[in-house]
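Chemist: The following block contains the structure, expressed as structure tokens.
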Number of protein chains: 2
Amino acid sequence: MAEKPLILVCNDDGINAPGIRKLIQVMNELGEVVVVAPDGPQSGMGHAITIEGILRCDPIKIEAGPQKEYACSGTPVDCVKLAVNVVLDRKPDLVVSGINHGSNASINVIYSGTMSAAMEGCLEGIPSIGFSLCDYSWEADFDPALPYIRKIAEKVLVEGLPQDVVLNVNIPKYRGEEYKGIRVARQCRGNWEEEFDQRQDPRRRNYYWLTGKFVNYDSGDETDQWALENYYISLVPVTSDLTAHHAKAKLAGWQL
Amino acid sequence: MAEKPLILVCNDDGINAPGIRKLIQVMNELGEVVVVAPDGPQSGMGHAITIEGILRCDPIKIEAGPQKEYACSGTPVDCVKLAVNVVLDRKPDLVVSGINHGSNASINVIYSGTMSAAMEGCLEGIPSIGFSLCDYSWEADFDPALPYIRKIAEKVLVEGLPQDVVLNVNIPKYRGEEYKGIRVARQCRGNWEEEFDQRQDPRRRNYYWLTGKFVNYDSGDETDQWALENYYISLVPVTSDLTAHHAKAKLAGWQL
């Protein structure tokens, strides 16, 4: 690469979140960094885009350092679209999203704004990675994960990624000992079982808070969830082709 | 089936949209219908869920008929979660979402609230289908599509669907002649190329509207886009397992 690689950094916890500040710190060692991230929390936004309203995207400086920063009023996917089409004057060499505060393993990938931002980079033809730490705390200890994040990002900068593939990297919550390493895995079968918390407002009208717990339906030892429970960093290649190719023959036999 | 099948109807254009009213009409012929749909437009919301705010879900009656109806303040995915966990007293036999005003073929599947609602039904273990008409007009002519929608829904009620698979059904805009039939297809490779419309507000601050056009990168004749352009109804099986299984071996060779 003749010039320094251009690295776009995004997330879904908002531009002030500790996780993205750590990711910027690592990326500043690898290239020229531009941050375009939501101006507030956008967790659970999935692949949402803003089509009914307007978008803001303004320069800001949250922390000292060589990175350029922009805060965006929209979703994580809006941030990547605005970055690529409005903010940047050339196509980035890498999109990184995160570090998310909380797991994006298993079915979380489908709800995750962090992973949707990375997927959007992939759709734009840019090698893209989402990073998540399985620790929801705002004061989570990201530092032990940083050398692994750097190694994975460096590898992707050199090797690229297969067409239509984005990486979903999840890192166990740090428990005071060295991580066991990185495992390539598949998405675990699992789901959130919801328990809505029903309440009444001061005018005696019902409302609900979404809550729930993750349930693992998968006993395989080659899943991301298995890797994380066994203190490995999981690396799942994720595709933008949602076709269930194995199911086409059965449907074709339906003679509709 | 001993009792009438229980059918949950959702969409992303809102409970008042003509498309969902037509879908309710067809489903009333097939079973006991409960509608839980957004109280306003939720297009482009992808698999977003509401975790930062509260949800409302109240009974409403938009039109005469045997169906029960509820309007929900949240996203399409919130609607399905609330329906299954709060509104319904048994698990539905079928979830149908739509009829969307506009195409959800190719990469649109990933942004679509309509398809995310159907996917959420699938994650709950319920046979689920998303229906879309490739006509954005509020006054679109849905009627010629209704016999096909009925036929597909009846088939799914009898046959079920493979585990972790949801159907994405797209119907060409009606052009005054009989549809050519139904084709099982794969998701077309394509993407939206954005052109942000930059404007200044009355205080001379920049803002943006997201616009763009769909570009087809795929010359295959087995794609949903090909089927639609050739006046077939497309039927794509979509999976909730986003793993790029073909890419695992390459990544495993990286020796990270």
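Only the coordinates and a few stated rules stand behind these numbers; no lab work does. On a predicted model such as this, the values are computed, not experimentally measured, just so you know. Because the Cβ atoms are built from the backbone with ideal geometry, glycine has one as well, and the counts that use them run over all protein chains shown.
Chemist: With just the Cα atoms defining each centre, how far is segment B:108-181 from segment A:135-167? Give it in Å.
Modeler: 37 Å
Chemist: Now for a separate question. For peptide B:75-85, what's the mean number of Cβ atoms from other chains within 10 Å of each residue's Cβ?
Modeler: Taking all residues of B:75-85 together, the mean is 3.
Chemist: A further question on this structure: Please list B:93-104, B:3-14 highest first by mean number of surrounding beta-carbon atoms within 10 Å per residue.
Modeler: Going from most to least packed, we get B:93-104, B:3-14.
Chemist: Counting residues in chain B as N, plug N into 2.2 N^0.38 Å and put the Cα Rg over that result.
Modeler: 1.05
Chemist: Counting pairs of Cα atoms in the protein assembly as shown, how many percent are more than 29 Å apart?
Modeler: Percentage above 29 Å: 49.
Chemist: At 7 angstrom along the Cα-to-beta-carbon line, where would the label on B:Thr211 sit relative to the other copies? Give the distances in nm, shortest first.
Modeler: The answer, with the shortest distance listed first, is 4.7 nm.
Chemist: Suppose we take every Cα in segment A:164-252 and form the convex hull; what volume per residue is that in Å³?
Modeler: For segment A:164-252, the hull spanned by Cα atoms encloses 188 Å³ per residue.
Chemist: Could you state the number of Å between the C-alpha centres of segment B:206-251 and segment A:48-92?
Modeler: Taking the Cα centre of each part, segment A:48-92 and segment B:206-251 sit 25 Å apart.
Chemist: For A:Leu256 and B:Asp221, FRET efficiency with R0 = 25 Å and r from the beta-carbon atoms, rounded to 0.05?
Modeler: Computed FRET efficiency for B:Asp221 and A:Leu256: 0.85.
Chemist: Beyond 13 Å, how much of the Cα-Cα pair distribution for segment B:55-121 remains, as a whole percent?
Modeler: For segment B:55-121, the fraction of Cα-Cα distances above 13 Å is 68 percent.
Chemist: A follow-up question, please. Please tell me which of these pairs span more than 23 angstrom C-alpha to C-alpha: A:Lys68/B:Lys213; A:Lys213/B:Lys68; A:Lys22/B:Lys248; B:Lys151/B:Lys213; A:Lys4/B:Lys248; A:Lys180/B:Lys248?
Modeler: Over 23 Å apart, Cα to Cα: A:Lys68/B:Lys213; A:Lys213/B:Lys68; A:Lys22/B:Lys248; B:Lys151/B:Lys213; A:Lys4/B:Lys248.
Chemist: Let me ask something additional. Show me, for segment B:190-199, the HN-Hα J-couplings you get by feeding each phi into the Karplus relation (A = 6.51, B = -1.76, C = 1.60, θ = phi - 60°), rounded to Hz, glycine and proline as x.
Modeler: x, 7, 8, 9, 7, 9, 6, 8, 8, 9
Chemist: Kindly work out what percent of the DSSP beta bridges joining two residues of segment B:56-169 are antiparallel, to the nearest 5.
Modeler: 25 percent
Chemist: Quick one: label points 7 angstrom along Cα→Cβ at B:Pro66, distances to the other copies in nm, smallest first?
Modeler: 7.0
Chemist: If the chain between A:His246 and A:Arg204 were fully stretched, how many nm would it gain, using 0.36 nm times the residue separation less the Cα-Cα distance?
Modeler: 10.1 nm
Chemist: Here is a follow-up. Using only the alpha-carbon atoms of segment A:1-86, report the extent along each of the three principal axes, biggest first, to the nearest angstrom.
Modeler: Here the Cα extents, ordered largest to smallest, are 40, 27, 21 Å.
Chemist: Quantify how strongly other chains surround peptide B:127-135 by giving the mean number of their Cβ atoms within 10 Å of each of its Cβ atoms.
Modeler: 0
Chemist: Turning to a different aspect of this structure: What are the residues whose amide H is under 5 Å from the amide H of B:Lys173, where those residues sit 5 or more places off or on another chain and H is modelled from the backbone?
Modeler: B:Cys134
Chemist: Can you order the peptides A:18-27, B:225-234, B:158-167 by their average number of other Cβ atoms within 10 Å per residue, highest first?
Modeler: A:18-27, B:225-234, B:158-167
Chemist: Once the Cα gyration tensor of segment B:113-170 is diagonalised, what are the square roots of 5 times its eigenvalues, in whole Å and ordered largest first, as equivalent ellipsoid semi-axes?
Modeler: So the three semi-axes of segment B:113-170 are 22, 15, 7 Å.
Chemist: So which trypsin sites (Lys or Arg not before Pro) in segment A:165-215 end up in coil per DSSP with only 13 or fewer other C-beta atoms within 10 Å?
Modeler: Sparse-neighbourhood loop trypsin sites (Lys or Arg not before Pro): A:Arg175, A:Lys180, A:Arg203, A:Arg204, A:Arg205.
Chemist: Which value, in nm² and rounded to one decimal, describes the direction-averaged projected area of the C-alpha convex hull of segment A:1-152?
Modeler: 8.5 nm²
Chemist: Percent antiparallel among DSSP beta bridges with both residues in chain B, to the nearest 5?
Modeler: Beta bridges within chain B, antiparallel portion: roughly 40 percent.
Chemist: Could you go through segment A:241-253 in sequence order and give the Karplus-derived ³J(HN,Hα) for each residue, using 6.51 cos²θ - 1.76 cosθ + 1.60 with θ = phi - 60°, rounded to whole Hz, and x for Gly and Pro?
Modeler: Those phi angles translate into 8, 7, 4, 7, 4, 5, 9, 5, 4, 4, 5, 4, x Hz.
Chemist: Another one. Please compute, for peptide B:153-166, the average count of beta-carbon atoms on other protein chains lying within 10 Å of each residue's beta-carbon.
Modeler: Mean number of neighbouring Cβ atoms from other chains: 3.
Chemist: Now for a separate question. With each run of n ≥ 4 DSSP H residues scored as -39500 (n - 2.57), what mean residue ellipticity at 222 nm is computed for chain A after dividing by its residue count and rounding to the nearest 500 deg cm²/dmol?
Modeler: About -6000 deg cm²/dmol.
Chemist: To check you understand DSSP bridge types, tell me what percent of the beta bridges within the protein assembly as shown (both residues inside) are antiparallel, rounded to 5.
Modeler: The answer is about 45 percent antiparallel.
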